[in-house]
Amino acid sequence: MSSDLTEAAPPFIGAARRFLPRRNITRWIVVAIIGALAIGVWRYRTSETPPLAAPGRGPATAVAAAEIVRGDFPVVFSGLGTVTASATSVVKAQVSGPLVEVRYKEGQTVKAGDILARIDPRPFDLAVAQAEAQLRKDESLLQNAERDLARYELLRTKVKDGVSGQQLDTQRALIGQYHAAVEMDRAQVGQAKLNLSYANIAAPIDGRIGLRLVDPGNIVQTNDQTGIAVVTRLSPITVIFTLPEVKLQSVLKRFRSGEALNVVAYDHEHSEALAHGVLYAIDNQIDATSGTVKLRAEFTNEDEKLYPNQFVNAELTVETLLNVVLAPMPAIQRGAKGPFVYVVESDDKVAVRPVRLGPSDGEHAVIESGLTPGQRVVVEGVDKLRDGAKITLASGPGAEKKSPPAEGRRPPEKAAAP
């Protein structure tokens, strides 16, 4: 064995063999190995983390707590929406001709029937005059044919065989033709007058008119797709938004019962409430590609904060849970057995308390069971706690937090069933 150790020894050991006996060299190698092992064990033991103290022992953990309260909780569903005008009309020319006048200002509010522009009316005035002349001509022919028929009938009664029956029938047929011609002429006069009225292009609906699309001097045609302007009704206005299909039944249940479900439209950053309205309609089918359903809400929009094609965040209040137990969301923890909280006990220790959650928003959660109003729960420092751990409430402002009452809370940004 000593021979093997000396052969595997480092070079400096080989040099020492010239000065030390063979047995001493082997002994020194064994001693060095044992010493290295001892030093390694000592360093490992001294570097170990000391074991955690048993529950209730060791230094107390500084935490912040909040009180469980009772109040009203609105269940709110949120969805992205697009503002849609309640009515939009493209103003088009109904007769062709040169545009001679534009009477509106871009962006002004107009009423249905207001004259927005004029087409040169002279050709239509001439058409009216021509139709009226033809009407007078045919009316004169009709009157003359009726007088002739009266003479023929009088002559037939005084002079036997003075007028044949065939001549009478022919005269009556001629009168019928003149009656039809007069009716046609009257229709032509009406059509000519209607075309003349179309020379004045009027607003079809109430609303705000957009930018001018055609300038005076251009020839407008009845088949122009762009029209001369667009009128949009801004009050009332609607918002179309989507919700997941899993939330549809709870909305349908209350909507079909006739309840007025409130909807609030927030801006794109979800920082300002732009308008308050009510749910107006629910689509008749679910989008299979996204698993969502469309809903339409209506807003009075008297201040015109909502504009067509504007993106908004719509919040639909489905119901308000009255007098329920509320806990701050930071207190809710998740474990293998479900949600739980750390309840502050009277002896400055914490206890794990399983809870059953109801709807929640970004700030509070409804506690269906497990907590009672007045209890305190840990909201800060929970990552350092265990069941039975000693705590101390952090000193300073805000150390003892309290959930605000329901009427003082901001409407939740999103509510979801657990």
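Rule-based calculations on the coordinates, nothing more; no lab input. Everything numeric here is computed off the predicted structure, so don't read it as measured data. When we count neighbours, we look across all protein chains shown, and the Cβ atoms used for this are built from the backbone with ideal geometry, even at glycine.
If you average the sequence gap of Cα pairs under 8 Å that are 6 or more apart and divide by the length of region 121-198, what percent do you get for the contact order?
After rounding, I find 55 percent.
Could you give me the ³J(HN,Hα) list for region 201-209, computed from phi with Karplus coefficients 6.51, -1.76, 1.60 and θ = phi - 60°, whole Hz, x at Gly and Pro?
So the J values, rounded to whole Hz, are 7, 10, 6, x, 9, 6, x, 9, 8.
Starting from the Cα-Cα distance between residue 155 and residue 345, subtract it from 0.36 nm times their residue separation and give me the gain in nm to one decimal.
Working: separation 190, 0.36 × 190 = 68.40 nm, distance 12.59 nm.
Taking residue 155 through residue 345 to full extension adds about 55.8 nm, to one decimal.
Please work out whether region 253-294 counts as rounded, prolate or oblate from its C-alpha gyration tensor, where a ≥ b ≥ c are the square roots of the eigenvalues and a/c under 1.5 means rounded, while otherwise a/b larger than b/c means prolate and anything else oblate?
Oblate shape, in that a/c is at least 1.5 and b/c is the bigger or equal ratio.
Could you sort the peptides 194-203, 378-387, 280-289 by per-residue average Cβ neighbour count (10 Å cutoff), highest mean leading?
Output ranking for 194-203, 378-387, 280-289: 194-203, 378-387, 280-289.
Evaluate the charge dipole of region 121-198 about its Cα centre and quote only its size in Debye, nearest 20, assuming +1 on the Cβ of each Lys and Arg and -1 on the Cβ of each Asp and Glu.
Dipole of region 121-198, to the nearest 20 debye: 160 debye.
Suppose every Lys and Arg Cβ carries +1 and every Asp and Glu Cβ carries -1, with no other charges. What dipole size does region 282-384 come out with about its Cα centre, to the nearest 20 debye?
Here region 282-384 has a charge dipole of around 600 debye.
Please list the three semi-axes, largest first and in whole Å, of the ellipsoid equivalent to region 121-198, using sqrt of 5 times the eigenvalues of its alpha carbon gyration tensor.
38, 9, 6
Near the amide H of residue 355, under 5 Å away, which other amide H atoms are found, from residues 5 or more places off or on another chain, if H is placed in the peptide plane?
Sorted by chain and number, the residues that satisfy this are 340, 341.
I'd like to compare 130-136, 105-111: which one has the highest average count of other Cβ atoms within 10 Å, and what's the full order after that?
On the way: 130-136: 15.1, 105-111: 12.1.
So the peptides 130-136, 105-111, ranked by packing, come out 130-136, 105-111.
Can you give me the long-range amide H partners of residue 389? Hydrogens built in the peptide plane at 1.01 Å from N, cutoff under 5 Å, separation of 5 or more residues or another chain.
Counting only residues 5 or more places away or on other chains, the set is 56, 350.
By a straight-distance test (C-alpha under 19 Å), which lysines pair with residue 92 as possible cross-link partners, with residues fewer than eight away in the same chain excluded?
Hits, sequence-local ones excluded: 105, 111, 193.
Give, rounded to the nearest 20 debye, the magnitude of the charge dipole that region 98-152 has about its Cα centre when Lys and Arg contribute +1 at Cβ and Asp and Glu contribute -1 at Cβ. Write down the numbers at each step before the final one.
Numbers: 9 positive and 10 negative charges, 22 e Å.
Dipole of region 98-152, to the nearest 20 debye: 100 debye.
Going Cα to Cα from residue 247, which lysines come in below 23 Å? Please leave out same-chain ones fewer than 8 positions away.
Within reach: 294, 414.
Treating cross-link reach as a plain straight distance, find the lysines whose alpha-carbon is under 17 Å from the alpha-carbon of residue 349, omitting any fewer than eight places away in the same chain.
Cross-link targets: 384, 390.
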